[in-house]
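Have a look at the structure below before the remarks.
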Amino acid sequence: MRWVRVVVVAITIASVMSGSARVAPAAPPNEASADGPCGSERHRFHNPVMGAPRAYVFLPTGAEAAPVGGECGDAARPVVLFAHGYSAMIPEVYAGLIEHLVSAGYAVVYPAYQLTYNPTRQYRQVEVGFETAVAKFERLDMSRLGILGHSFGAGMSPWLTQWATAHGWGTDAIWLVAMMPHFSLNTGSGAIDIPDHTRAAVIAGQKD
């Protein structure tokens with residue numbers, strides 16, 4: 001799908017621009033949307049504030065060189081926190097995009113949130129899902145962080161960036177990509193305060 005390719009290019013650019021000394025140079029533009037060599041290992045775990053184990057981590061595997069630096073199976077891998085769109089409670093909705101990110105060497109964390117509209121509780125479910133994954137999976141290198149959101153999840157992205165940096169994450173590299181943001185909450189009405197080394201891309205649809 002065309003918008004997925006645009007997102008992949010944006011992610012590649014954002015991660016390379018982040019300034020981390022451990023991130024490999026960008027792939028040539030005509031290869032930016034090609035999958036990398038890393039395999040994928042999927043884990044499902046319980047989110048303490050959800051009624052079912054609706055949280056997932058995808059870890060890269062293999063001994064090949066990862067496009068985003070190091071080797072696919074390294075003990076510490078850069079992380080993408082994925083905030084999904086409304087009703088997309090299972091990661092299969094974004095299977096191609098998640099597989100692409102993992103193939104490049106990212107670990108991807110995907111917590112679901114409830115469908116009943118309650119932003120305070122929904123944001124809390126995403127927040128706790130991320131925190132639980134960080135505590136549970138030792139390979140997550142939180143100093144190298146990407147935040148990816150779609151629709152309702154894209155609306156979370158500015159707040160998630162502030163929240164993540166308040167945890168001390170993203171010190172070496174941090175980027176965010178907001179795809180078709182529906183609306184934004186919890187960020188106030190003025191300028192959004194994020195670290196100077198943050199790189200961001202917003203992808204808007206025709207009616208956004």
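A few comments on the model shown:
- Which listed residue is open to solvent by less than 30 Å² (accessible area, probe 1.4 Å) and among the polar types (S, T, N, Q), from T171, T120, T198, T165: T198
- Apart from one condition, N186 fits all of (1) touching a helix residue (DSSP H, G or I) at 6+ places or on another chain (Cβ under 9 Å); (2) crowded, with 17+ Cβ neighbours inside 10 Å; (3) on the phi > 0 side of the Ramachandran plot; the exception is (2).
- Members of the stretch 47-78 found to be open to solvent by 30 Å² or more (accessible area, probe 1.4 Å), closer than 30 Å to T120 by Cα and either in contact (Cβ under 8 Å) with a residue 40 or more places away in the chain or touching a strand residue (DSSP E or B) at 6+ places or on another chain (Cβ under 6 Å) (or both), listed by number: P48, V49, P53, R54
- Residue-level check: of (1) farther than 23 Å from H46 by Cβ; (2) open to solvent by less than 30 Å² (accessible area, probe 1.4 Å), Q125 misses just (1).
- Single match in A88, A66 (criterion: under 17 Å from M156 (Cβ atoms), hydrophobic (A, V, I, L, M, F, W, C) and under 18 Å from the mean Cα position of the chain (by Cα)): A88
- Scan of the stretch 79-95 for residues that are touching an Asp or Glu at 6+ places or on another chain (Cβ under 9 Å) and open to solvent by 10 Å² or more (accessible area, probe 1.4 Å), ordered by number: none
- Number of positions in the stretch 128-159 that are among the aromatic types (F, W, Y) and closer than 19 Å to R42 by Cβ: 2
The values are calculated or read from the model by the stated rules, or taken from the named source; none is laboratory data. Source: prediction; values computed, not measured. Methodologically, a virtual Cβ is constructed for each residue, glycine included, from the backbone with ideal geometry; neighbour enumeration extends over all protein chains shown. All accessible areas refer to the heavy atoms of the entire protein, side chains included, with ligands and DNA or RNA removed. Shrake-Rupley method; radii C 1.70, N 1.55, O 1.52, S 1.80 Å.
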